[in-house]
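The structure appears below as structure tokens.
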Amino acid sequence: MKRICVYSGSNLGIRPEYKEITKQLGTVLVQNNIELVYGGSQTGLMGEIANEMLQQNGKVTGVTPKGLFPKEVINDHLTQLIEVKNMHERKQTMADLSDGFIAIPGGIGTFEELFETYSWAQLGIHQKPIGILNISHFFDSFIALMQNIVTEGFMNPSNTQLVLVSSDPAELIEKMICYSPPVLGNKWSQLDAILKKS
């Protein structure tokens, strides 16, 4: 695992643990010789993990849509900054560059990226590990939502195995390094019945 894409907030959030454990994640990535791929900002948790890794001589690649954000937001100390046309190209580029994905606390954009990456894994578009760093129980409601989707019959239970969860950065990275894609059940619960009729 050479590069991990981290989805995170461009704000710091209200709890000091968000910043503290995000920086710990940066340290763990450097210790494991793993490069960071992220959205290129110098603000919020995005800036914290990037700057922590750069201070420890880690490698950081930022991917940002050209002209979308004020230049003051962009981190100009990165190992590499890639400018792309739009948000769609940004997400695809980040995914292509990375061997795995981690979501840490953030806003709507963080969840959008997490859901898309999760959906792509469910469809077999990629088989890369997806991690959730559940700092201060931030993702408890997301985990409950996924279980409710299964309970209500909209997702095969096996698909919950596509996401690895931990509140500890070192443990999460270890889980991702050891990850083997699960054998997934049938995504379409009615497919067997349809095939029998045809």
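Annotations
- Exposed loop positions in the chain were taken to be trypsin sites (Lys or Arg not before Pro) whose DSSP state is not H, G, I, E or B and which have at most 13 other beta-carbon atoms within 10 angstrom. Between these positions, the longest stretch is 86-186.
- Listed residues Leu54, Leu133, Leu123, most fluctuating in the chain (Gaussian network, C-alpha, under 10 Å): Leu123
- Which labelled figure in (i) 15.5, 45; (ii) 16.1, 51; (iii) 17.5, 62 is Rg and Dmax of the Cα atoms in Å, once derived from the coordinates: (iii)
- If you sort His77, His126 by accessible surface, 1.4 Å probe, largest first, the order is His77, His126.
- GluC sites (Glu not before Pro) within segment 108-190: DSSP coil, no more than 10 neighbouring Cβ in 10 Å: Glu152
- Rounded to the nearest 500, the helix-only mean residue ellipticity at 222 nm of the chain stands at -13000 deg cm²/dmol, with each DSSP H run of n ≥ 4 adding -39,500 (n - 2.57).
- Proximal aspartates and glutamates relative to Lys19, as straight alpha-carbon distance under 16 Å, when same-chain residues fewer than 8 apart are discounted: Glu48, Glu52, Asp168
- Cα gyration tensor shape for segment 129-176, rounded if a/c is under 1.5, else prolate or oblate: oblate
The values are calculated or read from the model by the stated rules, or taken from the named source; none is laboratory data. Computed from a predicted structure; not experimentally measured. Counting neighbours? That spans all protein chains shown, and the Cβs are built from the backbone with ideal geometry, glycine included. Surface accessibility is based on the protein's heavy atoms, side chains included, excluding ligands, DNA and RNA. Shrake-Rupley method; radii C 1.70, N 1.55, O 1.52, S 1.80 Å.
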